[in-house]
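> This is the structure I want to talk about, given as structure tokens.
The values are calculated or read from the model by the stated rules, or taken from the named source; none is laboratory data. Source: prediction; values computed, not measured. Virtual Cβ from ideal backbone geometry, glycine too; neighbours counted across all protein chains shown. Protein only, heavy atoms only, side chains kept; ligands, DNA and RNA dropped before computing areas. Shrake-Rupley method; radii C 1.70, N 1.55, O 1.52, S 1.80 Å.
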Amino acid sequence: MTQQYVAAIDQGTTSSRCIIFDRDGRIVSVGQREHRQIFPQPGWVEHDAAEIWDGVQQVVHEALEKGDITPDQLAAVGITNQRETTVVWDRETGEPVHNAIVWQDTRTDDLIRRLGGVVGQERFRERCGLPLATYFAGPKLRWLLDEVPGLRERAERGEVLFGTMDSWIIWKLTGQHITDVTNASRTMLMNLHTLQWDPEILDAIGIPAAVLPEIRSSAEVYGEATGFLAGVPVASALGDQHAALFGQTCFSPGEVKGTYGTGTFLVLNTGTEPVMSANGLLTTLGYKIGDQPAVYALEGAVAVTGSLVQWLRDNLGLIASAPEIETLALTVEDNGGCYIVPAFSGLFAPHWRSDARGVITGLTGYVNKGHLARAVLEASAWQTREVVDAMNTDSGIPLTSLKVDGGMTADNLLMQTLADVLDVEVVRPMVAETTCLGAAYAAGLAVGYWKDMESLRANWHKAAEWSPRMDPKVREREYRNWTKAVQRTLGWVEHDEQPQD
Amino acid sequence: MPGRIQSIERAAAVLRLLAGGNRGLSLGEISRSLELPKGTALGILRTLQHVGFVEQDSGSSHYRLGGGVLSLGTRYLDGNELRARALNWADSLAGRSGESVRIGTLHKHQVLIVHHVFRPDDSRQILDVGTLLPLHATALGKVLLAFDPLATPEYYAEGGALESYTPRTITSFDDLTAQLSLARASGWAADVEELVEGEVSIAAPIRDRRGMTVGAIGVRGAVERLCEDGKPDMGQVSYVRDAARAVSRDLGATPW
């Protein structure tokens with residue numbers, strides 16, 4: 001019998017990738033292709049969904065070719081994707097009716113304010129777990145229905161279909177109009193308790209139900225692919241951060257993964273009941289495997305972590321490449337009393353202060369560029385600490401270890417600093433590509449390629465581990481100083497609205 | 001006492017000029033800045049280019065400092081940068097070999113461990129990034145001695161004897177020299193219980209786009225698993241060499 005594999009398609013913000021995995025969860029081959037970022041005006045970001053579909057086909061071909069694998073050797077294909085990016089296409093022709101509106105796009109700013117009305121940002125939180133914000137897909141869909149001539153009428157007649165990137169690719173592969181619970185949980189349109197579209201929110205936002213895909217679990221056979229992957233079961237869909245949670249095998253309540261890239265996403269598995277946050281975290285779906293109960297999660301995002309290192313490189317020119325931050329930081333013993341709070345566009349979870357702007361504080365004649373480098377790395381760690389503290393408070397489950405992935409895990413000093421300020425073990429798994437791995441795992445489970453979730457845990461291996469080494473007294477003092485530095489950022493932007501809590 | 005050599009002074013001035021700007025400079029800019037005729041400046045630039053101290057951008061034809069100058073002072077490739085670039089390949093080597101993986105660079109006549117991936121068996125292991133190991137008693141060190149011109153074994157002669165760690169440590173210069181030529185010919189090196197009894201390591205060189213060896217990657221584990229009849233297992237050797245080639249490709253080296 002020929003060797004069987006599972007393929008994962010990762011449709012990301014800047015590129016699409018396909019990674020093929022073997023039964024031990026090891027990478028066999030990779031295909032990757034970038035796509036255009038379209039900026040029609042300030043604050044607007046679009047993708048060409050047709051270009052993305054072309055790219056997806058190419059990266060799958062590339063991965064198959066590099067691995068010398070034929071489509072009939074694929075037991076299943078799974079999908080993970082940039083979340084919230086919104087596509088509407090013609091049911092008959094399969095052509096997008098407009099460029100996809102990307103998650104970073106802020107064109108729905110005014111719409112969000114209007115939708116909030118007298119209640120404000122929290123209007124739908126009880127039902128969908130999210131505050132009203134420009135990221136989420138539902139308001140983007142409403143914008144398209146309002147602005148593209150004739151689209152609302154066509155939507156009501158069922159001539160056009162809406163989807164996030166998972167739906168678009170599943171539809172292209174199988175002809176089915178489907179999304180999974182994790183992607184649906186980022187639209188603001190899904191009720192967290194019923195896991196169905198919420199008629200009251202649809203009514204309030206003004207979305208005709210006829211355009212919406214059917215909400216399914218994250219791991220089941222949605223259909224067989226036609227075309228170039230003919231016959232391969234399409235068997236999973238998970239938003240990227242949810243896929244990373246699954247790929248890190250965070251299957252038990254209390255387990256947390258942190259993905260360290262330009263920003264940082266922390267996701268905590270909270271078990272089979274949604275936990276509403278009193279500390280500014282998002283309530284979202286973790287994953288849902290077939291008929292098993294859905295698993296919920298709390299999510300906290302830190303806007304600026306890796307991008308602060310890039311800022312030190314590109315705007316200050318203190319380092320030539322991002323990894324050199326560690327070399328520079330190791331030229332000194334500590335931060336020399338200096339703290340950087342990178343509130344470049346305000347403070348996110350758990351503060352949510354749009355009137356904040358970044359500060360470098362504690363400067364004396366003693367501070368040199370090595371201390372600044374330390375302060376940059378420590379900023380990522382302390383921002384993580386603030387989100388983790390909020391998670392502990394909301395869930396009542398104290399963190400015992402943090403599973404990390406993403407490009408910044410190559411920075412040993414950052415990983416050690418994380419362990420020090422969180423006072424928990426920080427663990428990096430052996431395959432850093434946890435997003436693709438999560439999608440592959442879910443698809444493989446759905447077709448029986450992997451027997452159960454326990455066998456997936458057996459594939460998880462530590463590649464490295466960092467233990468806390470900081471004196472508790474030092475940790476307390478540093479946290480106090482960090483908190484003081486955060487206070488210095490508040491109230492800088494004067495014309496902005498009063499912050500809400 | 002012989003007089004000063006004008007062309008060397010001028011070459012030094014060219015290098016200083018190129019080091020000052022963060023973008024390349026054109027021939028015209030260089031000759032104007034140094035008040036040299038274009039022909040003289042071109043002759044100096046071509047000579048410096050020949051010895052690797054100057055590079056010419058193929059698109060703009062501008063001149064900039066070459067890797068040869070950078071490697072004179074500090075090490076050309078930052079160890080943390082090497083780790084970031086090698087991360088996925090080192091993971092995949094640990095997965096294929098079932099052993100722990102280390103990446104080492106030369107640091108003052110020793111191997112500095114810049115990256116370490118645990119053996120994938122979930123046993124308790126301690127990260128040993130930052131550790132220094134002897135060159136002559138480890139596979140990583142032998143690879144650096146064999147392939148990195150800055151890691152010449154001659155210093156041993158000045159520093160005295162090769163230290164012995166186990167009965168199998170190589171302590172004779174002649175034996176070491178013979179092993180290094182073998183490593184150069186085969187493209188990899190091993191230590192068989194030469195640093196720690198019962199432990200074996202296998203390593204291969206990581207090269208950058210100029211073909212310079214900037215580090216070594218290898219596996220380390222129990223002799224029962226990594227050796228067959230007292231010789232390193234060739235399956236493991238091929239995993240190590242595949243990983244070294246993959247990292248080198250990522251650094252821009254052409255496949256050899």
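Conditions tested, residue by residue: (1) under 17 Å from A:Ile201 (Cβ atoms); (2) open to solvent by less than 20 Å² (accessible area, probe 1.4 Å); (3) among the hydroxyl-bearing types (Ser, Thr, Tyr).
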| site | (1), (2), (3) |
| --- | --- |
| A:Arg107 | no, no, no |
| A:Gly116 | yes, yes, no |
| A:Arg123 | yes, no, no |
| A:Pro131 | yes, yes, no |
| A:Phe136 | yes, yes, no |
| A:Pro139 | yes, yes, no |
| A:Gly150 | no, no, no |
| A:Thr164 | yes, yes, yes |
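> Can you tell which of B:Val129, B:Val101, B:Val111 is touching a His at 6+ places or on another chain (Cβ under 9 Å), β-branched (Val, Ile, Thr) and more than 8 Å from chain A (Cβ to nearest Cβ)?
Working: B:Val129 fails: more than 8 Å from chain A (Cβ to nearest Cβ); B:Val111 fails: touching a His at 6+ places or on another chain (Cβ under 9 Å).
Testing whether each residue is touching a His at 6+ places or on another chain (Cβ under 9 Å), β-branched (Val, Ile, Thr) and more than 8 Å from chain A (Cβ to nearest Cβ) leaves just B:Val101.
> A:Leu229 passes all but one of (1) farther than 29 Å from A:Leu437 by Cβ; (2) out of contact with any Gly (no Cβ under 9 Å at 6 or more places or on another chain); (3) open to solvent by less than 10 Å² (accessible area, probe 1.4 Å); (4) aliphatic (A, V, I, L, M); which number fails?
All conditions are met except number (1).
> Could you tell me which numbered condition A:Val267 fails, if it satisfies all but one of (1) open to solvent by 10 Å² or more (accessible area, probe 1.4 Å); (2) without any contact (Cβ under 8 Å) to a residue 40 or more places away in the chain?
Going through the list (1) open to solvent by 10 Å² or more (accessible area, probe 1.4 Å); (2) without any contact (Cβ under 8 Å) to a residue 40 or more places away in the chain, A:Val267 breaks only (1).
> Please go through region A:359-389 and pick out each residue that is of a type in the set (Phe, Trp, Tyr) and out of contact with any helix residue (DSSP H, G or I) (no Cβ under 8 Å at 6 or more places or on another chain). Quick ask: steps written out before the conclusion?
So the first thing to find is which residues in region A:359-389 are of a type in the set (Phe, Trp, Tyr), and the list is A:366, A:382.
Listed by number, the list holds a single entry, A:Tyr366.
> Then there's this: Hey, can you tell me all the residues within region A:423-475 that are more than 14 Å from chain B (Cβ to nearest Cβ), touching a residue at least 12 places away in the same chain (Cβ under 8 Å), over 26 Å from A:Ala237 (Cα atoms) and surrounded by fewer than 17 Cβ atoms within 10 Å (Cβ to Cβ)?
A:Asp423, A:Met470, A:Pro472, A:Arg475
> Can you name every one of the helices (runs of 4 or more DSSP H) wholly within region B:167-256 that holds 1 or more residues which are charged (D, E, K, R) and under 23 Å from B:Arg83 (Cβ atoms)? Full working, then the answer.
Details: elements: B:173-186, B:223-226, B:234-250.
Where helices (runs of 4 or more DSSP H) fall fully within region B:167-256 and carry at least 1 residues being charged (D, E, K, R) and under 23 Å from B:Arg83 (Cβ atoms), they are B:234-250.
> Output yes when any residue across region A:322-345 is in contact with a strand residue (DSSP E or B) (Cβ under 6 Å, 6 or more places away or on another chain), outside any loop (DSSP other than H, G, I, E, B) and of a type in the set (Val, Ile, Thr), and no when none is.
Going residue by residue through region A:322-345, those that are in contact with a strand residue (DSSP E or B) (Cβ under 6 Å, 6 or more places away or on another chain) are A:339-341.
From what's left, outside any loop (DSSP other than H, G, I, E, B): A:339-341.
Of the ones still in play, those that are also of a type in the set (Val, Ile, Thr) are A:340-341.
Yes: region A:322-345 contains one or more residues that are in contact with a strand residue (DSSP E or B) (Cβ under 6 Å, 6 or more places away or on another chain), outside any loop (DSSP other than H, G, I, E, B) and of a type in the set (Val, Ile, Thr).
> Separate question: How many of the residues in region A:235-294 are closer than 26 Å to A:Arg23 by Cα and polar (S, T, N, Q)?
Final tally of qualifying residues: 8.
> Would you confirm, using the coordinates I've provided, whether A:Asp291 is within 14 Å of chain B (Cβ to nearest Cβ) and among the charged types (D, E, K, R)?
Details: within 14 Å of chain B (Cβ to nearest Cβ): no; among the charged types (D, E, K, R): yes.
It is false that A:Asp291 is within 14 Å of chain B (Cβ to nearest Cβ) and among the charged types (D, E, K, R).
> Which of (1) part of a loop (DSSP other than H, G, I, E, B); (2) open to solvent by less than 30 Å² (accessible area, probe 1.4 Å) does A:Gly317 not meet, given it meets every other one?
Only one criterion in (1) part of a loop (DSSP other than H, G, I, E, B); (2) open to solvent by less than 30 Å² (accessible area, probe 1.4 Å) is unmet by A:Gly317, namely (2).
> Something else now. Spot the failing condition for A:Val486; the list is (1) assigned to a loop (DSSP other than H, G, I, E, B); (2) of a type outside the set (Lys, Arg); (3) in contact with a His (Cβ under 9 Å, 6 or more places away or on another chain), and only one is missed.
(1)
> Here's something else I'd like to know. With A:Phe344, A:Phe348 as the choices, which residue is surrounded by fewer than 20 Cβ atoms within 10 Å (Cβ to Cβ) and of a type in the set (Phe, Trp, Tyr)?
On the way: A:Phe348 fails: surrounded by fewer than 20 Cβ atoms within 10 Å (Cβ to Cβ).
Of the residues listed, the single one that is surrounded by fewer than 20 Cβ atoms within 10 Å (Cβ to Cβ) and of a type in the set (Phe, Trp, Tyr) is A:Phe344.
> A:Leu115: assigned to a helix (DSSP H, G or I) and farther than 22 Å from A:Thr13 by Cβ, yes or no? Let's see the steps before the verdict.
On the way: assigned to a helix (DSSP H, G or I): yes; farther than 22 Å from A:Thr13 by Cβ: yes.
When the stated conditions are applied, A:Leu115 passes them.
> Report every pair of residues separated by at least 6 positions or lying on different chains whose Cβ atoms are under 9 Å apart, first residue within region B:31-47 and touching a residue at least 24 places away in the same chain (Cβ under 8 Å), second surrounded by 13 or more Cβ atoms within 10 Å (Cβ to Cβ) and among the charged types (D, E, K, R).
B:Leu34/B:Arg10; B:Leu36/B:Arg10; B:Thr40/B:Arg10; B:Ala41/B:Arg10; B:Ile44/B:Arg10
Yes/no per residue for (1) modelled with pLDDT of 90 or more; (2) closer than 25 Å to A:Ala133 by Cβ; (3) open to solvent by 30 Å² or more (accessible area, probe 1.4 Å):
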residue: A:Gln11; (1), (2), (3): yes, yes, no
residue: A:Ser16; (1), (2), (3): yes, no, no
residue: A:Phe21; (1), (2), (3): yes, no, no
residue: A:Gln41; (1), (2), (3): no, yes, yes
residue: A:Ala50; (1), (2), (3): yes, no, yes
residue: A:Asp54; (1), (2), (3): yes, no, yes
residue: A:Asp72; (1), (2), (3): yes, no, yes
residue: A:Gly94; (1), (2), (3): yes, no, no
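> Going through region A:178-211 one residue at a time, which ones are closer than 23 Å to A:Ser236 by Cβ, surrounded by fewer than 24 Cβ atoms within 10 Å (Cβ to Cβ) and among the aliphatic types (A, V, I, L, M)?
Those that are closer than 23 Å to A:Ser236 by Cβ, surrounded by fewer than 24 Cβ atoms within 10 Å (Cβ to Cβ) and among the aliphatic types (A, V, I, L, M): A:Ile178, A:Leu192, A:Leu195.
> So which helices (runs of 4 or more DSSP H) stay within region A:366-446 end to end and still have 2 or more residues that are closer than 23 Å to A:Arg480 by Cβ and over 20 Å from the mean Cα position of the chain (by Cα)? Please lay out each step first, then the result.
Values: elements: A:369-395, A:412-422, A:434-446.
The qualifying helices (runs of 4 or more DSSP H) are A:369-395, A:412-422.
> A further question follows. Among the residues of region A:389-411, write down those that are at the interface with chain B (Cβ under 10 Å from one of its Cβ atoms) and either open to solvent by less than 20 Å² (accessible area, probe 1.4 Å) or of a type in the set (A, V, I, L, M, F, W, C) (or both).
Filtering region A:389-411 down to residues at the interface with chain B (Cβ under 10 Å from one of its Cβ atoms) leaves A:407-411.
Across region A:389-411, the qualifying residues are A:Met408, A:Thr409, A:Ala410, A:Asp411.
> Further question: Can you find a residue in region A:24-33 that is away from chain B (no Cβ under 14 Å), open to solvent by 10 Å² or more (accessible area, probe 1.4 Å) and either without any contact (Cβ under 8 Å) to a residue 60 or more places away in the chain or outside any strand (DSSP E or B) (or both)? Even if it seems obvious, please write down each step before you answer.
Applying the first criterion (away from chain B (no Cβ under 14 Å)) to region A:24-33 yields A:31, A:33.
Subset that is open to solvent by 10 Å² or more (accessible area, probe 1.4 Å): A:33.
With either without any contact (Cβ under 8 Å) to a residue 60 or more places away in the chain or outside any strand (DSSP E or B) (or both) added as a condition, the list becomes A:33.
Scanning region A:24-33 turns up at least one residue that is away from chain B (no Cβ under 14 Å), open to solvent by 10 Å² or more (accessible area, probe 1.4 Å) and either without any contact (Cβ under 8 Å) to a residue 60 or more places away in the chain or outside any strand (DSSP E or B) (or both).
> Report yes if some residue within region A:323-339 is within 14 Å of chain B (Cβ to nearest Cβ), open to solvent by 30 Å² or more (accessible area, probe 1.4 Å) and of a type in the set (D, E, K, R); otherwise report no.
Yes: one or more hits.
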